[in-house]
Amino acid sequence: MNPVDRVASSSLSSGSVSGQVPRLVAHTVSVEPLGEGVDALLAVLPGSGALAWVRRGEGLVGWGEAARVVTSGPQRFEAAQAWWAQVRELAVVRDDVRRAGTGLVAFGSFAFSYASADESVLIVPKVVVGRRGSSWWLTTICAEDASGQTSAHVDLLAAHLDEVRHHDPVVSAGSVSFSDGSVSRAQWMDIVAQAVGRIRGGELDKIVLARDVVATAERPIDTRFLLTHLVSAYQGCWTFSVGGLVGATPELLVRAERGLATSRVLAGTIQRTGDDETDTARAGLLAKSSKDLEEHEYAVISVAEALAPHCTSLNVPESPFVLHLPNVLHLASDVTGVIDPHRHETSLSLAAALHPTAAVCGTPTVRAAHMIADIELMDRGRYAGPVGWMGGDGDGEWGIALRSGHLDPTDARVMRVFAGCGIVAASVPADELVETDAKLAPMVSALQGGVA
């Protein structure tokens, strides 16, 4: 249990879980390439229920539901982990490819806070299409019926190969308007000023504050429309879609693969101008900014301290590099470690141990989390929580759900879009508001069809 939820468990129930444990049968086979380009994987998705985890044209997409589990409360990670362990134990898997992301796979998205009204979810798709380099594969997952029989997988595979070539066309949502979310711009700057005052008063070192805006479209929002834009414009990010949460995050919370753990830490940001010479100069300023370096150091220490008990060794960079994204520049560090083989960790257990990092919460973590609940005046839902996928062997990739929006479950024309930034003693409220505008740009641009 992470530090924030450990405190919470003394005052809240231990969490809840709903979801039967089915006996699943998964079959993975190699297939011929289904397209070219960074958006080729997305082209196979149907119009509803899209699941995606794609970067530089590689990754996984899926649709349908063979099984799902919904969790909430302080034990939301542990409950999902326990359910997945039972699913893995009962499953029958035939994997003819044997690569990361083949065989049994679940996509997941977890609430930022134990107290969120939004539930966390693990979804096992009926169909998964994957790509690594020039290799493509197709996985079908189904449950046994009451008699213990499954449909012929050869027939299922043939049907789904035909299905991916005959999906409904991707459509634009038309004109999109934006309005204030939980608080107005002026109110949010007041909240930042309040946080700065409390930091200077010695209550804590850093807090990450977020805000939301509400997008209302002319027509229902097609998730694939957003994903196609994001995966093309932000190829270095992890573009995702799980349970109505859609975005492109630059921050990898953790990857667990063959005994190695990797976490990409981002903290410290400056907006790009679009002029290469000017942006090169701004990158140099960012790399020397005491305010941004301080913010970044807190985030790196947070990740290293959280990973250390789960690893036999760690590599923590002495200084960050500047990550260039189309809309902003970030200070970035890649922390790596060798996972302790005696602890039987999974990618999800590591994600739970790391969440929330200083990059999305603050320092000290528990104080920052309580202050967020006190002054932010917004339920983040699954924004800034772990999002990603996990395989039957426990390996997987989990990002932090940043640069994202959540589709309204009752109105397909409406989406809440989120952005946040780290606040330290030197922060200026107006500057922090500008930073959130820059971080909102990816989703705003995607909703508007590439015109930000």
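Take the solvent-accessible surface of the protein heavy atoms, probe 1.4 Å, and return the percent of it on the chain that carbon and sulfur atoms account for.
Working: 9010 of 17800 Å².
Carbon and sulfur atoms account for 51 percent of the accessible area of the chain.
Would you mind working out the accessible area per residue for the range 326-436, using a 1.4 Å probe, and quoting it in Å²?
Values: 3280 Å² over 111 residues.
Accessible surface, normalised per residue, equals 30 Å².
Taking the Cα centroid of the range 18-50 and of the range 109-144, what is the distance between the two, rounded to the nearest whole Å?
Between the Cα centre of the range 18-50 and that of the range 109-144, the gap is 9 Å.
As a test of the formula, what do you get for the chain when each DSSP H run with n ≥ 4 contributes -39,500 (n - 2.57) and the sum is divided by the residue count, at 222 nm and rounded to the nearest 500 deg cm²/dmol? Can you show the working numbers first?
Numbers: 10 runs with 128 residues, N = 452.
It comes out at -9000 deg cm²/dmol, rounded to the nearest 500.
Could you tell me whether the range 263-317 comes out rounded, prolate or oblate from its Cα gyration tensor? Rule is a ≥ b ≥ c as square roots of the eigenvalues, rounded for a/c under 1.5, then prolate if a/b exceeds b/c, otherwise oblate.
Numbers: a/c = 3.51, a/b = 2.70, b/c = 1.30.
Here the range 263-317 falls in the prolate category.
Karplus couplings for the range 183-189 from phi (6.51 cos²θ - 1.76 cosθ + 1.60, θ = phi - 60°), rounded to Hz, Gly and Pro as x?
Calculated HN-Hα couplings, in order: 9, 7, 4, 5, 4, 5, 5 Hz.
Place a +1 charge on the Cβ of each Lys and Arg in the chain and a -1 charge on the Cβ of each Asp and Glu, then give the dipole magnitude about the Cα centre in debye, rounded to the nearest 20. Spell out each step's value before the answer.
On the way: 36 positive and 52 negative charges, 54 e Å.
Here the chain has a charge dipole of around 260 debye.
Where both partners of a DSSP beta bridge lie in the chain, what percent of those bridges are antiparallel, to the nearest 5?
Values: 101 of 105 bridges.
Roughly 95 percent of the beta bridges in the chain run antiparallel, per DSSP.
Rounded to the nearest Å, what's the spacing between the alpha carbon centres of the range 300-345 and the range 381-446? Just the number, please.
Value for the Cα centre distance between the two parts: 20 Å.
Need the full-extension length gain, Val428 to Arg23, defined as separation in residues times 0.36 nm minus the C-alpha distance. One decimal, nm. Don't skip to the end; give the middle numbers.
Values: separation 405, 0.36 × 405 = 145.80 nm, distance 5.46 nm.
Length gained, Val428 through Arg23: 140.3 nm.
Once a ≥ b ≥ c are taken as the square roots of the eigenvalues of the Cα gyration tensor of the range 238-345, is the result rounded (a/c under 1.5), prolate (a/b larger than b/c) or oblate (a/b not larger than b/c)? Could the numbers behind the result be given before it?
On the way: a/c = 2.79, a/b = 1.56, b/c = 1.79.
Note, shape of the range 238-345 comes out oblate.
The values are calculated or read from the model by the stated rules, or taken from the named source; none is laboratory data. Keep in mind that this is a model prediction, so the values were computed, not measured. Positions of Cβ are generated from backbone atoms using ideal geometry, with glycine treated the same way; all protein chains shown enter the neighbour counts. Keep in mind that these areas ignore ligands, DNA and RNA; they rest on the heavy atoms of the full protein, side chains included. Shrake-Rupley method; radii C 1.70, N 1.55, O 1.52, S 1.80 Å.
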